[in-house]
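Remarks on the structure that follows.
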Amino acid sequence: MSFLNVNKITALVVFVLACNFALAQTVNSPDKNLSVTFSLNSGVPYYSLSYKGKAVIKTSKLGIEAKNVPSFTGGFTIADTKQVTVDETWQPIMGEQKDIRNNYNELLVTLKQSKNNNRSIKLRFRVFNDGLGFRYEFPKQDGLSYFIIKEELTEFHLAGDHKIFWIPGDYDTNEYAYTTSKISEIPALQKKATIEINAQQPIPTPSVQTPSMMKSADGLYINIHEAALINYPAMSLNVDAGTQKMSVHLTPDAVGNKGYMQTEATTPWRTVIVSDKATDILASRLILNLNEPTKYKDVSFIKPVKYIGVWWEYFVAGRSTWAYGKENNVKLGDDFSKLTPNGKHGATTQRVKEYIDFAAKHGFDAVLVEGWNIGWEDWIGNWKEEVFDFVTPYPDFNVAELKQYAANKGVKIIMHHETSGAATNYERRLDRAFQFMKDNGYTAVKSGYVGQIIPRGEHHDSQWMVNHYIHVAERAADYGIMVNSHEAVRPTGLNRTYPNWIAQESARGTEFEAMGGLNPEHTTILPFTRLMGGPMDFTPGIFQLDLGYYGTGSKQHVNTTLAKQLAYYVTMYSPLQMAADLPSNYERFPDAFQFIKDVAVDWDNTYVLEAEPGDYVTIARKAKGKNEWYIGSVADENSRTAVVDFSFLPKGKTFKATIYADTPNAAWNNTKQQSYTVKEITVNAKTKLKQFVAPGGGFAISVK
């Protein structure tokens, strides 16, 4: 063989390898444990993900099907690839830790479709030590300006029939109870899991909502969700139970379209968080890192809040009502002073003063008042648009008097805006409502979206409503107001970009303890699901657990122990935390109430000590700017012994730990559920405490 022929063969081999490399690009996490591979197969884009050599996502298709232009599903060639590394640290305004490291390796792939005038899109992959985020990007270009999304075709082809903690796919609610099963069992369980909830719109085919938490047979913990949901519908996941392949299912609008895009545009990030340790899932800040920093120039009004409120009394034994009148057919423009008082209206001037007094006495920042404004007589179930005007109080609620009374006591009042799902009405009245709040000293609002959405045919999770929630947050910021939204789309880390969107409900919260109860495992699952996207206004702190106490013969119980209610203040992160029970009940348990008074709501650091989804969670946190630490631990229906490792404490120093714990005979389902102990011990960084947890119970510890 001549030297020339050898060179030709070598050149051919190099050319073939180069072609293969162009069709398959790999990027690893900074610690090399995670590996993402992008490839084209006959012009169709695919990706895969592995962790420590184990398949997490097998080769899975990417693409977006369009309605009015050629789809972004095939015919691609790779025009360019770029890789960069980012390692930086940033500080949230409020959060679970003071400093957050943002460290990833990025692969940016530019694809072109020659058959469509070389139209280009980009796929951006960011690989962190704790997982993957990727999204589609549509540059501004000739021939691509506006387009309508028919469906996103992103797949997550899982590597096995994993254990999964799930709620059914739905366009309008995420207030379902969780089901635990194998992926293959989802179709058979879907009907049972889809319990009746107000304003629901279940997806008829087998599907689950995100965040979706899974555990593989070989010990991998996998969480799928999305980050930075802006100008796009929320996704659920179609489930192919036979192949364990999941695919994106976007929420449609009133005419069945999934999204309206104008270049330059991006989709939300699709996220896959993975580890062989459950504690790493809870410690992940990947979703926050994929959101943009805030553009607000003034964030001085954004502060953590611990509050009480005229709220729980509406749920227990009909003690009081949101509505003022007995009538059930009212409308804006009626003379509400002529209504027949029902005698049970909760939001009266005198009642709110009592709550303000209690808040001032015990060091709470604010009092939430629901039912202060006209319209509650027939607010739900009628799909009517103009229910509330958000500025007119009932005759027995004196805005000016309470403004002065609260100011004199050093307490804020939290406004409540229930929209009854009529987002159009709310947007028309938004500026007036926020100006009213500003004029009367309200700096935070709890918004609600109970009911079917107006514009009619839209859904709570559609693109129009996603944009509505963001619009409300942005307009609220203009007035120096914080927002706590209920019945809104589940969070995706947008509290970084819109930090005045201080908290959300967006899951099955405490109110359901008065409406059938929550399963004991529910709050051991929520940290791995709903709370992955952002802080939750769970409204914990119920001390009177037997609701028959209120004298109506109710057999309803809150399905926890009292000590578990204390633990929620640590395990269920929120910079907005409510002591949700009636003030009179806290006065009956002053030593347990002390923990709620003491516990912080903003943190310097967080330490996930133990965790197993559906079984238990133990978390420790350091209070912002203080040498104080708080620990919470919750369990499912089984008793256990938790191990608290205090190595997070400063070495060489001793501290006093006050432990609020279940008694040996306590349980979520017996008459001793309110039985607890309080004791003090000395601890240091070498201490390892073994602590009993009752069935459905928990414990809380303050360390000073």
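The values are calculated or read from the model by the stated rules, or taken from the named source; none is laboratory data. Since this is a predicted model, take the numbers as computed values, not measurements. All Cβ positions, glycine included, derive from the backbone under ideal geometry; neighbour counts span all protein chains shown. To get the accessible areas, we keep the full protein, side chains included, count just its heavy atoms, and leave off ligands, DNA and RNA. Shrake-Rupley method; radii C 1.70, N 1.55, O 1.52, S 1.80 Å.
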> Where does helix 463-478 land angle-wise versus the long Cα axis of the chain, in degrees 0 to 90, nearest 10?
Replying inline: 60
> Can you give the calculated 222 nm mean residue ellipticity of the chain, where each DSSP H run of n ≥ 4 adds -39,500 (n - 2.57) and the sum is split over every residue, rounded to the nearest 500 deg cm²/dmol?
Replying inline: -5500 deg cm²/dmol
>> Placing unit charges on C-beta atoms (Lys and Arg positive, Asp and Glu negative, everything else neutral), compute the dipole magnitude of the chain about its Cα centre in debye, rounded to 20.
In response: 1700
>> For a quick check: with amide H placed at 1.01 Å from N, whose amide H comes under 5 Å from Asn231's, ignoring anything fewer than 5 positions away on the same chain?
In response: Asn467
> What share of Cα pairs, in percent, lie more than 50 angstrom apart in the chain?
Replying inline: 15
>> Skipping prolines and chain starts, which residues have an amide H placed within reach, meaning under 5 Å, of the one on Thr26, given they are 5 or more residues away or on another chain?
In response: Phe38
> Dividing the Cα convex hull volume of the stretch 555-603 by residue count, how many Å³ per residue is that?
Replying inline: 92
> Tell me which lysines have Cα within less than 18 Å of Lys215's Cα, excluding those fewer than 8 residues away on the same chain?
Replying inline: Lys52, Lys54, Lys58, Lys163, Lys182, Lys245, Lys277
>> Given a Förster distance of 35 Å, report the FRET efficiency between Lys626 and Tyr549 from their Cβ-Cβ distance, rounded to the nearest 0.05.
In response: 0.45
> Taking the Cα atoms of the stretch 373-462, what is the range of coordinates along each of the three principal axes, in descending order and whole Å?
Replying inline: 46, 25, 18
>> Using a Debye calculation, one point per C-alpha and no hydration shell, please list log10 I(q)/I(0) for the stretch 439-596 at q = 0.08, 0.16, 0.19, 0.20 Å⁻¹ in order.
In response: -0.27, -0.99, -1.22, -1.28
> Which net charge results for the neighbourhood of Pro304, defined as the other residues with beta-carbon distances under 10 angstrom from its beta-carbon, given Lys and Arg at +1 and Asp and Glu at -1?
Replying inline: +1
> In whole angstrom, how far apart do the alpha carbon centroids of the stretch 247-296 and the stretch 669-702 sit?
Replying inline: 37
> Separation of the stretch 122-166 and the stretch 335-374 by C-alpha centroid, Å?
Replying inline: 47
> Given a Förster radius of 60 Å and the C-beta distance between Lys115 and Arg432 as r, what FRET efficiency does 1/(1 + (r/R0)^6) yield to the nearest 0.05?
Replying inline: 0.70
> Binned at 5 Å from 0, what are the whole-percent values of the Cα-Cα distance distribution for the stretch 267-425, short to long?
Replying inline: 1, 8, 14, 14, 14, 12, 10, 10, 8, 5, 2, 1, 0
> Along the stretch 565-574, what does the Karplus equation 6.51 cos²θ - 1.76 cosθ + 1.60 (θ = phi - 60°) give for ³J(HN,Hα), rounded to whole Hz, x for Gly and Pro?
Replying inline: 4, 5, 4, 4, 5, 10, 6, 9, 5, 6
> Which one of Pro304, Leu123, Pro202 has its Cα pushed farthest toward the positive end of the charge dipole of the chain, where Lys and Arg give +1 and Asp and Glu give -1 at the Cβ?
Replying inline: Leu123
>> Please list log₁₀ I(q)/I(0) at q = 0.18, 0.20 Å⁻¹ for the stretch 583-700, using the Debye equation with identical point scatterers on the alpha-carbon positions.
In response: -1.01, -1.22
>> Can you compute 3J(HN,Hα) from phi for each residue in the stretch 367-376, using the Karplus curve 6.51 cos²θ - 1.76 cosθ + 1.60 with θ = phi - 60°, rounded to whole Hz and x for Gly and Pro?
In response: 10, 7, 10, 9, x, 7, 10, 5, x, 7
> Around Arg508, with a cut-off of 11 angstrom between Cβ atoms, what is the net charge of the other residues, counting Lys and Arg +1 and Asp and Glu -1?
Replying inline: -3
> How large is Rg/Rh for the stretch 136-273, to two decimals, with Cα atoms and a Kirkwood Rh?
Replying inline: 1.00
>> Which lysines, if any, have their Cα less than 24 Å from the Cα of Lys679, not counting same-chain residues under 8 positions apart?
In response: Lys564, Lys597, Lys622, Lys626, Lys651, Lys653, Lys656, Lys688, Lys690, Lys704
> Leaving out ligands, DNA and RNA but keeping every protein chain, what accessible area does Met437 have, in Å² rounded to the nearest 10, with a 1.4 Å probe?
Replying inline: 0
> Roughly to the nearest percent, how much of the accessible area of the chain is carbon and sulfur, given a 1.4 Å probe?
Replying inline: 49
>> Principal axis extents for the stretch 477-562, Cα atoms only, whole Å, descending order, please.
In response: 48, 30, 20
>> Against the empirical 2.2 N^0.38 Å scaling, what ratio does the C-alpha Rg of the stretch 72-221 come to?
In response: 1.35
>> In the chain, if the dipole is taken from +1 on Lys/Arg beta carbons and -1 on Asp/Glu beta carbons about the Cα centre, which of Gly551, Leu34, Pro395 is farthest to the positive end?
In response: Leu34
> Tell me, what ³J(HN,Hα) does each residue in the stretch 148-160 have, in order and in whole Hz, if you take phi through Karplus 6.51 cos²θ - 1.76 cosθ + 1.60 with θ = phi - 60° and put x for Gly and Pro?
Replying inline: 10, 8, 7, 6, 8, 9, 4, 10, 10, 8, 6, 8, x
>> Under 8 Å for C-alpha pairs, at least 6 residues apart: give me the relative contact order for the chain, rounded to a whole percent.
In response: 11
> Roughly how many Å is it from the Cα centre of the stretch 17-94 to that of the stretch 621-642, as a whole number?
Replying inline: 38
>> In whole Å, what are the extents of the stretch 615-670 along the principal axes defined by its C-alpha atoms, from largest to smallest?
In response: 41, 19, 18
> Taking a ≥ b ≥ c as the square roots of the eigenvalues of the Cα gyration tensor of the stretch 64-137, is the shape rounded (a/c under 1.5), prolate (a/b larger than b/c) or oblate?
Replying inline: prolate
> Amide H to amide H under 5 Å from Gly63: which residues, 5+ apart in sequence or cross-chain, H placed 1.01 Å off N in plane?
Replying inline: Leu153, Thr154
> How about Lys412: which lysines have a C-alpha closer than 16 Å to its C-alpha, ignoring those fewer than 8 places off in the same chain?
Replying inline: Lys303, Lys306, Lys353, Lys361, Lys403, Lys438, Lys446
> Accessible area per residue, 1.4 Å probe, Å², for the stretch 555-704: what's the number?
Replying inline: 36
